[in-house]
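The values are calculated or read from the model by the stated rules, or taken from the named source; none is laboratory data. The structure displayed is predicted, hence computed values, not measured ones. In this analysis, Cβ positions are derived from the backbone assuming ideal geometry, glycine residues included, and neighbour counts consider all displayed protein chains. Accessible surface areas use protein heavy atoms only, side chains included; no ligands, DNA or RNA. Shrake-Rupley method; radii C 1.70, N 1.55, O 1.52, S 1.80 Å.
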Amino acid sequence: AWVLSAEVLNILLGHSAVGMRQRWSLLSLSIFGLVLHLSLRASFVPCRYLRAAPIPRVRRHAQDLDGRNVKKEYTVNEEIRANEVRVVGIASGERGQMQETNQIMSISGALDMARELGVDVILINEDQDPPLVKIASVGKYIYQENKKKKEQAKNKQPKMKEVKISYTIGDHDLYTRLTQIEKWVENPRQQVKVQVVLKGRSRMFEKQARQLLDRVRREVAAYAKVPGIDKGNDPVTKDGRGDLIMLLGQGPDRALLKQIIEEAGGKKAVQKGALEEEEVEEEEEEEEEAPADEDDEVKAIEAEMKEMREELIECGISPGQVNQEPEMQDLLKRLNAAKAKVGA
């Protein structure tokens, strides 16, 4: 384009024997060439900046082999791009129990097997070669996985909470931290570490720090106690930096409460508190021994059936098929048995 422009400029200046009409034609051609050059240069993108559109790994709304819309977090059936897959599990039985396998087959063969069983091909791990899949109903598989996650969350030990205070802390700040401790220990598995930070010359006031921890222990005795205190363990320990530490867990410290009552009201108050505790324990034993009300049992089973129905529908099982699931059949049998007791 630049060479063409130079030639045209030479003609326009009269250095070449060309007519006026031809000069205007060449001028128009040169302007068109410059505009074309600039437009191509502006729209040019180097190859290193070009990227293919990524294929989404998670598909939350898709269809199973029966054409039903399923809410899931897995790639299933025709969405799987691999030519060969490794089948590591096949669902069998009414309850969809997973049978472990280790077969390598084509994706078309896996889809044919899934159609024969009336289930789906679910991609478990696409990073393996060949990718790992399971042949099962995607709705039931998601339901079982969610159930496992809930059980693991219940059994998981929560992370220990920490409360760092100074031996010169004020009453208002201390009670704020005690309120936070009370909320934390509502979880029976939760433990709280109360740490009195001692730095530099403040290590000289270890006695005051121990008195502060003893005060904290008394304040929370109604709902928290030091684990292992019944075995005679020291409630306060010292770490490598010289800080004082006390661990707290859920449950009242009965021995400390009796001591506090004795200091406040004498032995009569202790005896009265012991009698009240015995009465409460007797009432609890009577409640445990008393048979459960049949009406409450029926209501509890109905509530469980309602929750189970919502979970199955959320996992993609159609409302008309929910009552045919094994879980719902078991709950229905229990409900009929409870109603028969009420009628008797």
Looking only at lysines whose Cα falls under 29 Å of Lys231's and that sit 8 or more positions away or on another chain, we get Lys154, Lys156, Lys159, Lys161, Lys164, Lys183, Lys193, Lys207, Lys258, Lys267, Lys268, Lys272
Relative contact order (percent, whole number), segment 68-212, Cα cutoff 8 Å, 6+ residue spacing: 19
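Using only the Cα atoms, work out Rg/Rh for segment 86-137, with Rh taken as the Kirkwood radius, to two decimals. Walk me through the intermediate numbers first.
Numbers: Rg = 10.2 Å, Rh = 10.9 Å.
Here Rg/Rh amounts to 0.94.
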Assuming a viscosity of 1.567 mPa s and a temperature of 4 °C, what translational diffusion coefficient in µm² per second does Stokes-Einstein assign to segment 121-199, Rh being the Kirkwood radius over Cα pairs? 77
Stretch gain in nm, segment Asp129-Leu38, where the contour uses 0.36 nm per residue and the Cα spacing is subtracted: 27.9 nm
Solvent-accessible surface (1.4 angstrom probe) belonging to Arg86, in square angstrom, nearest 10: 60
Restricting to DSSP loop positions (anything but H, G, I, E, B) with no more than 16 other Cβ atoms inside 10 Å of their own Cβ, which trypsin sites (Lys or Arg not before Pro) remain in segment 196-244? Lys199, Arg241
Using r as the Cβ-Cβ distance of Ala264 and Lys183, and R0 as 41 Å, what FRET efficiency do you calculate, to the nearest 0.05? 0.95
Can you give the FRET efficiency to the nearest 0.05 for Lys164 and Gln99, using r as the Cβ-Cβ distance and R₀ = 51 Å? 0.45
In nm, spacing of pseudo-spin labels at Lys341 and Lys148 (7 Å Cα→C-beta vector): 3.4
Hey, could you pull the Cα Rg and Dmax for segment 187-235, both in Å? 12.8, 38
Tail weight of P(r) past 21 Å, computed on alpha-carbon pairs of segment 146-249, percent: 39
Given a 1.4 Å probe, how much area per residue of segment 89-197 is accessible, in Å²? 62
Once the whole set of protein chains is in place, how much accessible area is left on Val342, using a 1.4 Å probe, in Å² to the nearest 10? 70
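Quick one: length gained pulling Lys333 to Ile31 fully straight, 0.36 nm per residue minus the C-alpha distance?
Result: 99.9 nm gained on full extension.
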